[in-house]
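The values are calculated or read from the model by the stated rules, or taken from the named source; none is laboratory data. What you see is a predicted model; the values in this text were computed from it and never measured. Please note: Cβ atoms are built from the backbone with ideal geometry, for glycine as well, and neighbour counts cover all protein chains shown. Quick note on the areas: whole protein, heavy atoms, side chains included, nothing else; ligands and nucleic acids left out. Shrake-Rupley method; radii C 1.70, N 1.55, O 1.52, S 1.80 Å.
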Amino acid sequence: FNYLTIFVFLQKNNMQPTQIILLIALYFGVLILISYLTGKEDSNEAFFKANKSAPWYLVAFGMIGASLSGVTFISVPGLVEGQQFAYLQGVLGFFVGYLIVLLVLIPLYYQLNVTSIYQYLEDRFGKTSYKTGAFFFLISRVTGASFRLYLVALAMQYIVFESLGIPFWVTVVLSILLIWLYTNKGGIKTIIWTDTLQTIAMLTSVSVAIILILNKLDWTLAETFTKETFKNKSKIFFFEDVNSSIYFWKYFIGGIFITIAMTGLDQDMMQKNLTCKNAKESKKNMFLMSILLVVVNVIFLTLGALLFIYAEQFNVAIPELNGVTRTDLLFPEIAMNQGLGKGLAITFIIGLIAAAYSSADSALTSLTTSFSVDFCRIENQPIAVQKPLRKKVHVGVSIVLIVVVIIFNSLEGSVVSNLFKFATFTYGPLLGLFAFGILTKKTTHDKYTWMVALIAILLTYFITLTPSYFPDSFIGNYNFHWEILPINGFITFLGLLMVSKKQTTSIDS
């Protein structure tokens, strides 16, 4: 999903820069107001854990928006043209993955009373494993958050600030400064509420779009699912071709491990769960979220089907950019240029802005937490030092994001994309480490853990390249999909097994 593409498209379709600036100002004004109301208690306990007082239902609703982000907002409706409702196979895998997180990981984290989930690795294996897990999280989040911020800042530069003579680095600093302002005091306590705002913004946009399109088609929601044109775009299960990227078991099993690794083993996502009063409420939060996520994705896919039905019935051409047909531009095309009203246009832009900035604020908070706890050992510092240290780390992480985004701007686009893609491999070692700790009673030669993790990433990367290096007669036309993650985790698991010891640890796995 490319925010730059969408914003450039909006500019070419008469969305005025001043209108976008006003909407961004309105959005950040609301965020800063939320920060003021939620950040009155400027303590580390509030910043890291929200004093363990966050309502579980609010956390669940907010995490929907954090999980969806821009990918679901734009790209999932666009997927319907090429693969119908196949994405829902992965969503069903998400549901199973959330149940595993609920039953296995949440009780573990609450039992150990961790602030950073990677503290488990120190108790289970030792300091090197602990630092390895935390390091791979930091690399993943810094790269991922910087990449998304880079795209947003580049879009803002292209459509607004370039004409004003403002350099790119100023745009980057301004973007991150705004995020820093509303996360500085409240931290995760503020993020829980801003996630809720993001969820409301996206769901409002989608709901308004569905209602207006149905009205234009002269359909009721109930009869939509009985229409033959809708049925022809809503096939869910694909078992026909194992080589296909939408083959059921690839999507489903991959979805399970995507959720375990990128939610259950991700400080960014789990920090929100750890704000609940106890494990019981955190489990209720996760269970509600898993159900809502399925429902919400069905809504997004339904929107996708309706968009293409609308386009066919009213002869709306799927937009092209640089000579390439882009199905993910159909939603903005219909929202902005097909006379469905300013209400849809405004809600679409606000939803897009919310999706664009959502991951950055959460990442800034979780990176501050992880570095403070995992590397600065803030809980072992004198009380008088802890709060100033956290604030310095928060500023430091902000500066790191600024520097990385500016570096991205100096690289070729393909290099930046590959860096972001490579960062997705770093969840595999986390999956392998936690799986080895939970599923076995063995421990490892702790000093070798980082080597095992690095080798696993390199081997997995090579495996994904094999279709390019081997003839079809050797590997066939196999297309890798989400199964890359469990492959990576399994290689890590085997590597840890090879360097394992026989004795057990103090934690009853």
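One table, with the values for the structure above:
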| read-out | value |
| --- | --- |
| Largest-first ordering by accessible area, 1.4 Å probe, given options Asp195, Asp446, Asp241 | Asp241, Asp446, Asp195 |
| Rounded, prolate or oblate (a/c below 1.5 giving rounded, otherwise prolate when a/b exceeds b/c) for segment 220-299 by Cα gyration tensor | oblate |
| Estimated dipole of segment 355-404 in Debye, rounded to 20 [Cβ of Lys and Arg +1, of Asp and Glu -1, Cα centre] | 200 |
| Separation of the Glu379 and Leu214 label points, Cα + 7 Å toward Cβ, nm | 4.9 |
| Solvent-accessible area per residue for the chain (1.4 angstrom probe, square angstrom) | 41 |
| Cα-based reach from Lys235 at 23 Å (exclusive), listing lysines while leaving out same-chain residues under 8 positions away | Lys227, Lys250 |
| Cα-based equivalent ellipsoid of segment 118-199: semi-axis lengths in Å, sorted from largest, via gyration tensor | 33, 17, 10 |
| Partner lysines for Lys277 [C-alpha distance under 17 Å; skip if fewer than 8 residues away on the same chain] | Lys49, Lys52, Lys189 |
| Length-normalised contact order for the chain - Cα pairs under 8 Å, 6+ apart - percent | 30 |
| Helix-derived mean residue ellipticity, 222 nm - over the chain, DSSP H n ≥ 4, -39500 (n - 2.57), to 500 | -23000 deg cm²/dmol |
| Rg followed by Dmax, in Å, when segment 167-304 is reduced to its Cα trace | 19.9, 54 |
| Thr464-Asn409 FRET efficiency (beta carbon distance; Förster radius 25 Å; 0.05 resolution) | 0.35 |
| Sulfur and carbon atoms: percent of accessible area, the chain [1.4 Å] | 65 |
| Dipole magnitude (debye, nearest 20) for the chain, charges at Cβ of Lys, Arg, Asp, Glu | 1440 |
| Whole-Å distance, taken between Cα centres, linking segment 154-183 and segment 245-320 | 30 |
| Karplus (6.51, -1.76, 1.60) ³J(HN,Hα), θ = phi - 60°, over segment 303-312, in Hz, Gly and Pro reported as x | 4, x, 4, 5, 4, 6, 5, 4, 4, 5 |
| Within the chain, longest stretch free of exposed trypsin sites (Lys or Arg not before Pro) [DSSP loop, at most 16 other beta carbons within 10 Å] | 41-226 |
| Cross-link pairs Lys40/Lys185; Lys216/Lys342; Lys185/Lys387; Lys131/Lys280 - those with Cα-Cα distance over 19 Å | Lys131/Lys280 |
| Anchor Lys441: lysines whose Cα lies under 20 Å away (excluding residues fewer than 8 positions away in-chain) | Lys127, Lys501, Lys502 |
| FRET efficiency for Phe225 and Leu23, using Cβ-Cβ distance with R0 set to 35 Å, rounded to 0.05 | 0.55 |
| 3J(HN,Hα) from dihedral phi, segment 334-344, Karplus parametrisation 6.51/-1.76/1.60, rounded to Hz, x for glycine, proline | 6, 5, 9, 10, 10, x, 8, x, 5, x, 5 |
| Scaled radius of gyration (Cα, divided by 2.2 N^0.38 Å) that the chain gives | 0.97 |
| Principal axes of segment 235-356: Cα extent on each, largest first, Å | 53, 41, 26 |
| Under-5 Å amide H pairs with Thr444, H placed in peptide plane, nonlocal only | Lys501 |
| Cα gyration tensor shape of segment 286-396, rounded if a/c is under 1.5, else prolate or oblate by comparing a/b with b/c | prolate |
| Karplus 3J(HN,Hα) series, Hz, for segment 119-130 with 6.51 cos²θ - 1.76 cosθ + 1.60 (x for Gly, Pro) | 4, 4, 5, 5, 5, 7, 10, x, 5, 5, 5, 4 |
| Label point 7 Å beyond Cα of Ile32 along Cβ direction - residues of segment 335-374 with amide nitrogen under 11 Å | none |
| Three-way shape call for segment 306-353 based on the alpha-carbon gyration tensor, with the a/c threshold at 1.5 | oblate |
